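Below is one structure, written out as structure tokens; the observations come after it.
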Ligand SMILES: Cc1cc2nc3c(=O)[nH]c(=O)nc-3n(C[C@H](O)[C@H](O)[C@H](O)COP(=O)(O)OP(=O)(O)OC[C@H]3O[C@@H](n4cnc5c(N)ncnc54)[C@H](O)[C@@H]3O)c2cc1C
């Protein structure tokens, strides 16, 4: 399989922008009208998720060994859409038809064979993951909203009680959907496992956002949400050894990092943890009471608040990463960063330029339109160039 050719061809197709998902979904729904009901009623916003994820994953098939765990979880996760084994070929056919359409004369017999083989591999790992999960966990959970606290004009903290225990690891994300929209988005629990099984989510309403606006402005105690199995390991402590940590948070990126602080506490607090929490203005530090409670309880924890202002006015404010680097040399620590694409990308490039090595940097950008497995430093920088976020 010629992986360089796969990547190059995907690059050419992706250059057609919005036309690609439009063609993909039209082809899929025309040939298989039965799958239309799996997607949200309003397809705006959904449009580039599936096809972008597929293109990225399939054209990175050379990393499939590293992605096996992720793809299995993704397959298990896709049970929330009622995806069954027989749907994978339908999606594969639509993907190949889309590639053929946009590649025109570049769509050769050899390339078609490579894409077919690569998609087949990815689909098999995902559908095996779905089968393996069948007897272990439900396709989704019903979670009741037991608390809903608006904290700023656009951020709310929700506490959910899943009907059955939903086990997750601090740093992972879970799918959340309101039954009204059928659209799923990822949110990151802000707590370690609790004895009552409840989950805290920190949600910022994105202007015009289908799911976040509903969660922040139109959700009440007693409402029911759908929750899907946890996914991801980039922000977990799995690869962080047992040493001290530096945590860099922007906006609701504090959520998953808070869960790491709780995990360290649950494990006995054997590490020093320094946290830098950034917000655009003082009024946007939305979780100060909880932070101060943590600081008062744990002598190994230190938190610094950073007003990082408007990223379009550089020089006027200090970014979270610049402030942390001005305060100390953290090169002996594992560093976790979570926040908007802009915040994460500036943290990663700042630390890399200062000599921090890739293996000690763990990060997640919340502005992504889909869950990007194995995202690398370069990807975040490319993504930053391509778009911007406000998380
Ligand atoms: C792994 C992961 C974990 C996440 N965890 C959290 C979390 O704990 N808390 C949280 O608040 N969010 C989190 N997010 C972001 C969340 O999943 C949604 O993308 C976000 O809430 C917007 O969804 P929406 O349906 O409201 O907007 P959509 O309807 O998807 O989008 C509406 C418009 O807003 C733009 N947009 C989408 N997201 C952003 C953004 N972040 N910044 C600026 N513009 C955007 C879109 O391009 C589109 O134009 C996470 C994302 C990922 C990938």
Which three extents, in whole angstrom, do the alpha-carbon atoms of the stretch 3-133 cover along their principal axes, largest first? 40, 35, 22
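What number, in percent, do you get for the relative contact order of the stretch 3-133 if the mean sequence gap of Cα pairs under 8 Å and at least 6 apart is divided by its residue count?
Working: 112 pairs, mean separation 52.3, N = 131.
Value for the stretch 3-133: 40 percent.
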Using only the Cα atoms, work out Rg/Rh for the stretch 71-168, with Rh taken as the Kirkwood radius, to two decimals. 1.19
Across 55, 208, 92, the residue with the highest GNM fluctuation in the chain (Cα network, 10 Å cutoff) is 208
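For the chain, give the share of DSSP beta bridges that are antiparallel, in percent and rounded to the nearest 5; count only bridges with both residues there.
On the way: 26 of 50 bridges.
Rounded to the nearest five, the antiparallel share is 50 percent.
I need the semi-axes of the equivalent ellipsoid of the stretch 111-195: take the C-alpha gyration tensor, multiply each eigenvalue by 5, square-root it, list largest first in whole angstrom. Can you show the working numbers first?
Numbers: eigenvalues 216, 59, 32 Å².
In descending order the semi-axes read 33, 17, 13 Å.
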For residue 142 paired with residue 34, estimate the spin-label separation in nm (one decimal), with each label point 7 Å from Cα along the Cα-to-Cβ line. 2.7 nm
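For the chain, what does -39500 (n - 2.57) per DSSP helix run (n ≥ 4), summed and divided by total residues, give at 222 nm, in deg cm²/dmol to the nearest 500?
-12500 deg cm²/dmol
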What number, in percent, do you get for the relative contact order of the chain if the mean sequence gap of Cα pairs under 8 Å and at least 6 apart is divided by its residue count? 14 percent
One finds the C-alpha centres of the stretch 1-26 and the stretch 169-215 to be spaced, in Å, by 30 Å
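Just need the Rg to Rh number for the stretch 149-286, please, alpha carbons only, Kirkwood Rh. Present the calculation step by step, with values, prior to reporting the outcome.
Details: Rg = 15.1 Å, Rh = 15.7 Å.
With Rh from the inverse mean 1/r over Cα pairs, Rg/Rh is 0.96.
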Both in Å, the radius of gyration and Dmax of the C-alpha trace of the chain are 21.1, 66
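All of the numbers you see were taken from the coordinates with simple rules; none came from a lab. Bear in mind the structure is a predicted one, so any value in this text is a computation, not a measurement. Note that we place each Cβ from the backbone using ideal geometry, even for glycine, and neighbour counts take in every protein chain shown.
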